[in-house]
C-alpha cells in the first residue's frame, strides 16, 4: 500500500538522519492523513558533540511527489521555535497544493 511505503520511507530517512547523533533515540511515528495530504513524522533526540539536540523529521506526500522537512535545534530551544517551523511547513504545504497557473489561450474572433 502507498501508506505502508510512506511509513517505511519515513522510518528509513529518520534513521539515516539519526545515525550521526550520539545516544540517539527515535520517537514513535505520528501519521496524519486528510483528503489530499498525508504525512509521517518522527521526533529524534540525541547529542552532537556535547550538546543535546532534538530533530523533527516529516515527510509528506502530495500528488506531485514526496517532500521532506527536517528541523533541528538544541533541546532547550526546540519548543520555542517549533511553532515557527510548523508554520513554515504549513505554508510549504499550501504552496505545493496551489494549482499551477493555467495556460492562457487567446481566442480570435
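Please treat every number below as a calculation from the coordinates, not as lab data. None of these values were measured; they are calculated from a predicted model. Here Cβ is always computed from backbone atoms with ideal geometry, including for glycine, and neighbour counts include all displayed protein chains.
Before moving on, here are some points about what is shown:
- Taking the convex hull of the alpha carbon positions in the stretch 2-97 and averaging its projected area over all directions gives 6.1 nm².
- Going from the fewest other Cβ atoms within 10 Å to the most, the residues 75, 7 appear in the order 75, 7.
- Multiplying the residue separation of residue 37 and residue 83 by 0.36 nm and subtracting their alpha-carbon distance yields 14.5 nm.
- Averaging Cα coordinates gives a centre for the stretch 34-50 and one for the stretch 56-76; these two points are 6 Å apart.
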